[in-house]
Amino acid sequence: MRKCILIIFFTVIITVLMANRFEASDTAWDDGKSIDLNWELSPLIEKVVISRSDAEGNLKVIHSSEASTSTYRDNELEPNQKYHYQLQAFSKGDSLSLAASATTKQQWFYMGKLGFLILLVMVCVAIIYYIQSAKHGKEYFIRRIAGLDSMEEAIGRATEKGKPILYVPGISDLDDIQTIASLTILSHLAERSAEYSTDIIVPCRFSMVLSAAREVVREAYLKAGKPDAYREDNIFYLTDDQFGFVAGIDGIMMREQPAANFFMGSFYAESLILAETGFATGAIQTAGTAQAHQLPFFVVTCDYTLIGEELFAASAYLSKDPQQLGSLRGHDFGKVVFIILIIVGVILEILGISNLKEFIAGAIT
Amino acid sequence: MKRSLPLIFAFIVGFIVLLSEFIPHRPFNQIVSTLEGWFMIISGFAILLGQISLIRMNTHKIVNKLPNWPYHLAGLISFAVMLTFGLLWGMRETPGILGDGAQISAWLGLKPFDYLFENAYLPLSATLFSLLAFFIASAAYRAFIIRGLESNLLMITAIIVIIGRTSMGTMLTGWLPESWQFWHIPNLADFIMEFPNTAAQRAILISAGLGIVGSSLRIILGIERSYLGGDK
C-alpha cells in the first residue's frame, strides 16, 4: 500500500514538473546578443508574463502572452552576461512562478548564413577563375551593351553641337556601390570627352562624391594628355537636399542645354523629374541604375538604359581589359547557378520538400 | 605609392568587412559600425569642401557677370541667410550664438531658421515633388502609345492595373460569379503586381546582386582602379 502511494506521489510530482517547464538558453550561432526562452505549461494556464531582472535585481516585464506553450527571443542583450528570467503563469484564481537563467555567448560563425557563404564562394571562385583564364590569353565573348556603345554617339553629338555633357553620379554618397560604379564610368567618359575637347559637367550631391569625382576626372584628363583642359569648376557641389539637387540639375539642363545627359548611379523619386526634363531639352540620354523601381521611368524617358547588372559591368566593358571582361563571365556563371537553384527549388517545393528553401532563406533572415 | 596605398587599404578593409558578415564574434561584429563612424567623421570634414565649392562657383559667375548670374546670386543669398539665422538663433531645440532669440521667435511664431524652413523650403520642396504627377502623366502617355506588340501589351497591362486600383474596377466586374473571381479587375491587377511584376523585379535584383559581388571583388583585388582615377 505504502509503495503504491509513493509511486502515485512521484508520478504526480513528475507530471507537474513535466507540465510546467521554463528554460533559457543562449541563441545558437549568433553575436551573443539574444537568449531564447522556451516554456511548456499546463493547458489550464491562461496568461504568461516573463520578466528579466536587471543588475539590482529589479524585474522588468519583457513579454506577455496568452499561449500556454511558446517561445520568446530576448534581443539586444550584452554579450557574455548572465541574465535571470522569471515566468509568471496565471490560471483561474491561481498563479505559478518559474525561474531560469542563461549566459549570452558570441559565436565564431553565423550558421544561418552558410548558404549565402557557399553561393558567394562559388561566384567569387568563378570570377577569379575567369579572370585568370583571361590573363592567360583566353578570349571571352561579351554581349553588346547598347547603352555603353552609345557613349561615343553621345560625345560625338555634344562635340558637333559645341554643347557640354551632363553627368549625374546618382544621389547616394560614396558608401553606395552604385556611386562607385558610376565613378568608374565617369572615368571612361571624362577621358573620351577630354579627347574630343568637350566639357563635362558633374553636379554632386555629397562632398565626398565631389572630391572623388574631381580626382577621377582630373586623372582622366591627364590620361588623355590634356591636363590643361581640365576645369575643376565643372565638377561642383549643389546641395545635400534631394529635391534641391534635382531643381539645381533641372536648372542646368534648361540653361546650359547639354547635348548629352548621363544619369548613372542610385536614384529615387527624382529619377523621372530629371529624365523628363532632359527629354524636354532634346538631349541624348543614357541612364543606369540598380534601383528596380526607378528603371521603368528611365526606360520611358531615356534613349538607352543600363539595367541593374549592366551598371556594374560598364567599367569592365568600357575598359576592354581582358581581366575585367573575364570577371563578367563570372557574373554569367553566377546567373546559371541561380537559374538552376530556382528551377530545383520550384521542383522541390512542388514535391513538398522545403530543405533547400530553408537553407537559402537562412541567409536572408 | 599614391596608387598602391589606396589599393592596399581597399584590399584589407574589403576583406575584413567581408569576413565580418559571417563572424558574429568580437571584434568582427563591431567593424562595420566602426567604419561607418569613420565614414561619418570624414564626411563631416568633407562638407566644408562642398561649401567652398558652392561659394567659389557661384561667386565666380556673379563677379564675371556670366549668363544667368542673378540665379547664382539668389542661391548664395539663400545659403548665407540660412547659415546666419542658424548660427545666430539656432534651430528647434538647439540654441545659437545669441541664444534662443525669444523676442524674434515670439514675433515670427518660430525661430527664424525654422520659420524659413517651414515657410520657404518645405513648400518649394513639395512643389518640386508634386511636379512628378505631371511628369508621370507625360511619360506614361509616351510609353503607352501603340507602336508594336510590346507597347500594346504594356498599355493593356497598365490599364488593368490603373482601373484595378480604383473603385471603377470593382464596379465594372463586381457582378462576376464566384468561380470567375480571378477575372475580377482588382484581382487581376493584384495578380499582375504580385507575380509577373515581382518576378521581373527580382530578376533585376538578383543580377544587380551578382554585379555588386563582381564589382566589389574587382575593387578588393585591385583589378578595378577606375574609381581612383586611372587604370595603372
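The values are calculated or read from the model by the stated rules, or taken from the named source; none is laboratory data. Because the structure is predicted, anything quoted here is derived from the model rather than measured. Backbone-built Cβ (ideal geometry, glycine too); neighbour counts: all protein chains shown. For the accessible areas, the whole protein counts, side chains as well, though only heavy atoms, and no ligand, DNA or RNA atoms are used. Shrake-Rupley method; radii C 1.70, N 1.55, O 1.52, S 1.80 Å.
For this structure, a couple of remarks:
- Scan of region A:180-211 for residues that are crowded, with 24+ Cβ neighbours inside 10 Å and of a type in the set (Gly, Ala, Ser), ordered by number: A:181, A:182, A:187, A:190, A:193, A:207
- Flag if residue A:66 is more than 24 Å from residue B:227 (Cβ to Cβ), open to solvent by 70 Å² or more (accessible area, probe 1.4 Å) and touching a residue at least 24 places away in the same chain (Cβ under 8 Å): no
- Against the test of being at the interface with chain B (Cβ under 10 Å from one of its Cβ atoms) and touching a helix residue (DSSP H, G or I) at 6+ places or on another chain (Cβ under 7 Å), the options A:217, A:202 yield a single qualifying residue, A:217.
- Region B:15-45 - residue that is facing chain A (nearest Cβ under 10 Å), open to solvent by 60 Å² or more (accessible area, probe 1.4 Å) and assigned to a helix (DSSP H, G or I) and, of those, farthest from residue A:119 (Cα to Cα): B:45
- Any hit, region A:232-239, residues being over 16 Å from residue B:47 (Cβ atoms) and touching a strand residue (DSSP E or B) at 6+ places or on another chain (Cβ under 7 Å): yes
- Tabulated pairs, region B:178-207, first in the same structural domain as residue B:161 (by TED's automatic domain parsing) and over 12 Å from residue B:164 (Cβ atoms), second open to solvent by 70 Å² or more (accessible area, probe 1.4 Å) and not aliphatic (A, V, I, L, M), C-beta under 8 angstrom, 6+ apart or interchain: B:182/B:191; B:201/A:293
- Just so you know, in region B:46-73 the residues that are open to solvent by 50 Å² or more (accessible area, probe 1.4 Å), part of a helix (DSSP H, G or I) and of a type in the set (A, V, I, L, M) include one that is nearest to residue A:120 (Cα to Cα), and it is B:47.
- Candidate set: region A:180-199, residues that are at the interface with another protein chain (Cβ under 7 Å from one of its Cβ atoms) and small (Gly, Ala, Ser); chosen: the one nearest to residue A:313 (Cα to Cα): A:181
- Helices (runs of 4 or more DSSP H) contained in region B:165-232 and holding at least 3 residues within 14 Å of chain A (Cβ to nearest Cβ): B:198-220
- The numbered conditions (1) open to solvent by 30 Å² or more (accessible area, probe 1.4 Å); (2) more than 8 Å from every other protein chain (Cβ to nearest Cβ); (3) more than 30 Å from residue A:164 (Cα to Cα) are all true for residue A:337 except (1).
- Among residues of region B:167-209, those that are of a type in the set (D, E, K, R) and over 30 Å from residue A:120 (Cβ atoms), counted: 2
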